[in-house]
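The next block holds one structure in the form of structure tokens; read it before the comments.
The values are calculated or read from the model by the stated rules, or taken from the named source; none is laboratory data. If you're wondering where the values come from, they're calculated on a predicted model, not measured in any experiment. Quick reminder, even Gly has a Cβ in these numbers, built from the backbone with ideal geometry, and neighbours come from all protein chains shown.
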Amino acid sequence: MKSILFVCLGNICRSPLAHGIAQDYVDKNGLDIKIDSCGTGSWHVGETPCENSIKVGNLHGVDISKQRARQITQKDFEEFDVVIGLDDSNISNLLKLGCPQSKLKKLGFYGYENQDTPDPYFFDGFDGFEKVYEMIEVCTLNLLKS
Ligand code: 4NP
């Protein structure tokens, strides 16, 4: 595995955390794996991750503040070996956009019984981000170690 792309809807809450956690692990372990993230939607292109995602990342020693949201392109399906959707709707959007099924997995497959990673953006306040962080961290590290 040489490259992993994490994909959610807006690329401002969940996938930036998976991206940051994975990049941190790659850097600390001197691995030759390219990591990136993006969204299937275009609403937040160019924006920093949302405030609560930056905050929960900082609490865990992962700085995601320099990331900027981008939308997925067809080129991504050629460039990345593994594409990780955060929930079923992301997976279904990715398939519609032409992502090869063989490259596609859901993050929850790696340690959370293939569950969706819930989007804390619209509910739960900061607590939702803490819960989601734990799931993203466990699954992302399991993926990298697999
Ligand atoms: P994400 O969360 O997919 O985890 O980045 C979202 C944040 C905002 C929106 C969608 C998803 N939005 O439509 O504004």
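Of the residues 30, 57, the single one that is without any contact (Cβ under 8 Å) to a residue 24 or more places away in the chain and over 13 Å from residue 7 (Cβ atoms) is 30. Out of everything in the stretch 80-98 that is over 16 Å from the mean Cα position of the chain (by Cα) and surrounded by 13 or more Cβ atoms within 10 Å (Cβ to Cβ), what residue ends up being nearest to the ligand (Cβ to nearest atom)? Out of the qualifying residues, it is 97. Whenever a residue of the stretch 118-138 is assigned to a helix (DSSP H, G or I) and within 12 Å of the ligand (Cβ to nearest atom), its partners that are at pLDDT 95 or above and among the polar types (S, T, N, Q), lying with C-beta atoms within less than 6 angstrom and at least six residues away or across chains, give the pairs 129/52. Does residue 141 satisfy being modelled with pLDDT of 95 or more, away from the ligand (no atom under 15 Å from the Cβ) and crowded, with 17+ Cβ neighbours inside 10 Å? No: the conditions fail for residue 141. The set of residues in the stretch 1-57 that are closer than 24 Å to residue 77 by Cβ, hydroxyl-bearing (Ser, Thr, Tyr), within 13 Å of the ligand (Cβ to nearest atom) and not in a helix (DSSP H, G or I) comprises 37, 40, 42. Considering (1) under 18 Å from residue 38 (Cα atoms); (2) within 16 Å of the ligand (Cβ to nearest atom); (3) in a helix (DSSP H, G or I); (4) not hydroxyl-bearing (Ser, Thr, Tyr), say which one residue 69 fails and leave the rest. Every listed condition holds for residue 69 apart from (3). Residues in the stretch 115-128 that are closer than 19 Å to residue 18 by Cα, of a type outside the set (A, V, I, L, M, F, W, C) and more than 15 Å from the chain's Cα centre (by Cα): 127, 128.
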